[in-house]
Structures are given as C-alpha cells and as structure tokens.
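Quick note: the coordinates plus some simple rules give every number you see, no bench work behind them. This structure is a prediction, so every number in the text was calculated from the model and none was measured. Reconstructed Cβ throughout: ideal geometry from the backbone, glycine too, with neighbour counts over all protein chains shown.
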Amino acid sequence: MLRSSRLTRRLYSFETMEFVAPVRPVPLFIKQPIVRFFSKASNKKVSMVLSNMGVQKPPQEMVQYIDSYTGFCSSNNLFSTIFSFNGELSLGVSSPYKSTGAVKNLVRRFSDMGIDIRVYATEVIR
C-alpha cells in the first residue's frame, strides 16, 4: 500500500471524530482528559505534526502592513505550520529539541529542490 494512502486514511479518521454525533454534546471537561491520554499514546508514534492553515485573507485595510504570515505551536514533537499569503508560502517549524539538525536538513532539501527559501529563526531558552 502506498504511504500516501495510509496517511490519507489516518487523516480522515482524525477528522471523522469531529462529526460523530454522540461525541459532540459531551462537555469539554470530560473530553479533554480523554484526548490528552490518547494524545500521549499517539505522540510516541509521531515524528512531526503538520498543520495547513491555508490561504490567509486579512481585512483589506490591513494588507499593506503585512509582509507574510507564519505561526508556531508548542509541541513535544516537531510541529510545522503552513500559511499562504499574497502568493508566498510560509512554513513555521517549532522544535522541542536543542539540535537544529532536522530543520537544517529540511531547509537544505528545499534548497536542493530549487525552492527559493528564506529562513528566520528564534531561540527559546527554557
């Protein structure tokens, strides 16, 4: 089976939980501990999370003040967000690791593929 087929099925299985009728009326204080439990279990099998935030469409009066979009999220794994604005794609990568090797390899791979890429970095010290 193709990897993409397995990935597609897994993504759809996550999405279907949002629409299961019996789950929707359950209060958050009950859902949250259950979600946390299963998240911890699945985190052991995850190497990176990718969240596509899509094309950003701010109010027209704000467009002149915006150069690009990006976003970051705290995570126990590599976490990447993708934003598109004004014909440019932005990729935000958050990492819980001190080593920057994974991000460096990703940037090098994009560069080797001929993708014009700019890198901005911020270090968070705990």
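Distance between the pseudo-spin-label points of residue 76 and residue 117 (7 Å out from Cα toward the beta carbon): 2.8 nm.
Relative protection proxy for 83-95, 53-65, from highest mean packing down: 83-95, 53-65 (other beta-carbon atoms within 10 angstrom).
Taking amide H atoms as placed 1.01 Å from N in the peptide plane, the amide H of residue 49 lies under 5 Å from those of 78, 79, 80, each 5 or more residues away in sequence or on another chain.
Using the Cβ-Cβ distance between residue 109 and residue 41 with R0 set to 41 Å, the FRET efficiency works out to roughly 0.85. Here the extension length gained between residue 49 and residue 10 equals 12.8 nm, from 0.36 nm per residue of separation less the Cα-Cα distance. Given R0 = 30 Å, the distance between the Cβ atoms of residue 56 and residue 29 translates into a calculated FRET efficiency of 0.40.
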